[in-house]
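Undergrad: Sharing a structure here in structure tokens format.
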Amino acid sequence: AQSVTQLGSHVSVSEGALVLLRCNYSSSVPPYLFWYVQYPNQGLQLLLKYTSAATLVKGINGFEAEFKKSETSFHLTKPSAHMSDAAEYFCAVRKYNTDKLIFGTGTRLQVFP
Amino acid sequence: EAQVTQNPRYLITVTGKKLTVTCSQNMNHEYMSWYRQDPGLGLRQIYYSMNVEVTDKGDVPEGYKVSRKEKRNFPLILESPSPNQTSLYFCASRGTGLNYGYTFGSGTRLTVV
């Protein structure tokens, strides 16, 4: 069965510091992976996606993620955090041969001045 | 603007009173789905639809109905809501090819008392 695990339900960083949000997946077939961001009282916005092309994926707002098959990871990074990055972030994998997204439980990012 | 529109954004209702949450997309997507979001559980799929008149159960379909009479609309129906259906609901649609990805609505926060 496919699944994703997000390590750390809360992550706090200082403004300007590196952001690293961890996501590990479980899949016996090449996965499609996604990162979404949810701002308070808003829907989910796609940050970036991996669909078996380049392993380093660049997304919106300066975020990027690297697909590492050997580590079954798809961690989300941003070199320098901004106050506006404070939100909840979800990693998701598309269930093979379906259109269902399987979500992690989310990581809430706090950014301190 | 390409979007998924849900209505209402907020709804408080009483146990047993039938309600419908509407979802509409303007991207001509064939695939649409409904998710519910609960603290600590992430998002879980309720129902999905691959095309007009084609719907199927997701992971948590009990207590919900859907219909897909037109490509753009995918309403979620709660025939007899119960308090355990208090949740945040999201509708999503999926593009194809270079536009592969899932677009989510802004959410409907439902409270059943």
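Read-outs throughout are calculated quantities, based only on the coordinates presented, and are distinct from any laboratory measurement. Please read these numbers as outputs of a predicted model, since none were measured by experiment. Note that we place each Cβ from the backbone using ideal geometry, even for glycine, and neighbour counts take in every protein chain shown.
Undergrad: Within segment B:83-98, does at least one residue satisfy the condition of being within 14 Å of chain A (Cβ to nearest Cβ), hydroxyl-bearing (Ser, Thr, Tyr), surrounded by 15 or more Cβ atoms within 10 Å (Cβ to Cβ) and within 20 Å of residue B:55 (Cα to Cα)?
TA: Yes - at least one qualifying residue is present in segment B:83-98.
Undergrad: Select from segment A:18-39 the residues that are within 14 Å of chain B (Cβ to nearest Cβ) and among the β-branched types (Val, Ile, Thr) and list them in ascending order.
TA: A:37
Undergrad: Looking at segment A:94-109, which of its residues are more than 7 Å from chain B (Cβ to nearest Cβ), among the polar types (S, T, N, Q) and farther than 26 Å from residue B:55 by Cβ?
TA: Selection gives A:107 alone.
Undergrad: Something else about it: Given the conditions (1) in contact with a strand residue (DSSP E or B) (Cβ under 8 Å, 6 or more places away or on another chain); (2) more than 14 Å from chain B (Cβ to nearest Cβ); (3) of a type outside the set (Lys, Arg); (4) without any contact (Cβ under 8 Å) to a residue 24 or more places away in the chain, and given that residue A:70 satisfies all but one, which numbered condition is not satisfied?
TA: That leaves (1) as the condition not met.
Undergrad: Just the residues that are in contact with a Ser or Thr (Cβ under 6 Å, 6 or more places away or on another chain) and in contact (Cβ under 8 Å) with a residue 24 or more places away in the chain, please, taken from segment B:48-63.
TA: B:49
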